């Protein structure tokens, strides 16, 4: 197995995160620094990341977390800010599936399953995310139509979004591209800057009644539904 994939299977990081760790020279195999994530390993080697020996934990877990504002969606933060990983007490090495801006609240997933995290976040799998936005101004039919048809942004035209108007000042959007700050940029482009943004759905999961700062471990059935949602589109 390739080293990057082995690290992801071991719960060290997502597939892309594991490859970055290797490329940065933070991984040794039998005492030698390895910078090629495609290096083949058997799993019997002494593999060390940032001075800590990697041990394979066969149990794969996923947690749903209601991220409060001000919490960053990384596994660790160099500025000492609270992270989403700090919200879950677990002996396993967890990391977030994708990211939310610090001021965006709502549903984020934590896992030690690198393959699942990769499938849920890679654009080719088109896993939908649903957001509820409170906006400036009153959303009219023109803006709704533009969002549903796709918005021209500086990094290209967006795919059509599914849009539901909650009320004059709130809208619910479902997208699957996951560009940086995409929902905020789309709404600003139609003249309605975002005042507050909350993610309320990820694939088949909904935030539901989970309180801010709280978490729950997903059931096997919920994880299976996530896997099915992440099957590559033909």
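The values are calculated or read from the model by the stated rules, or taken from the named source; none is laboratory data. None of these values were measured; they are calculated from a predicted model. No Cβ is skipped: glycine too gets one built from the backbone with ideal geometry, and neighbour counts run over all protein chains shown.
See the values below:
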quantity	calculated
Residue check, residue 23 outside the structural domain of residue 197 (by TED's automatic domain parsing), crowded, with 17+ Cβ neighbours inside 10 Å and either under 19 Å from the mean Cα position of the chain (by Cα) or without any contact (Cβ under 8 Å) to a residue 60 or more places away in the chain (or both)	no
Qualifying residue in region 38-46 (condition: in a loop (DSSP other than H, G, I, E, B), under 25 Å from the mean Cα position of the chain (by Cα) and either crowded, with 17+ Cβ neighbours inside 10 Å or at pLDDT below 95 (or both))	yes
Hits in region 174-201 (condition: touching a residue at least 40 places away in the same chain (Cβ under 8 Å), over 10 Å from residue 131 (Cβ atoms) and touching a strand residue (DSSP E or B) at 6+ places or on another chain (Cβ under 6 Å))	192, 195, 196
Strands (runs of 3 or more DSSP E) (entirely within region 150-219) containing at least 1 residues that are over 30 Å from residue 61 (Cα atoms) and not assigned by TED's automatic domain parsing to the domain that holds residue 85	162-167, 170-175, 194-202
Members of region 217-234 that are surrounded by 14 or more Cβ atoms within 10 Å (Cβ to Cβ) and more than 14 Å from the chain's Cα centre (by Cα)	218, 222, 223, 225, 227, 229
Residue check for residue 93: touching a residue at least 60 places away in the same chain (Cβ under 8 Å), over 16 Å from residue 213 (Cα atoms) and touching a helix residue (DSSP H, G or I) at 6+ places or on another chain (Cβ under 6 Å)	no
Residues being modelled with pLDDT under 90, in a helix (DSSP H, G or I) and farther than 21 Å from residue 10 by Cα - total across region 84-126	3
Residue pairs meeting the criteria (Cβ under 7 Å; at least 6 apart or on separate chains; first without any contact (Cβ under 8 Å) to a residue 24 or more places away in the chain, in region 139-165; second assigned to a helix (DSSP H, G or I) and surrounded by 11 or more Cβ atoms within 10 Å (Cβ to Cβ))	160/148; 160/149; 163/144; 163/147; 163/148
Residue match in region 46-56 (condition: under 21 Å from residue 97 (Cβ atoms), in contact (Cβ under 8 Å) with a residue 60 or more places away in the chain and out of contact with any strand residue (DSSP E or B) (no Cβ under 7 Å at 6 or more places or on another chain))	no
Residues being crowded, with 16+ Cβ neighbours inside 10 Å, modelled with pLDDT under 95 and touching a strand residue (DSSP E or B) at 6+ places or on another chain (Cβ under 6 Å) - total across region 131-169	2
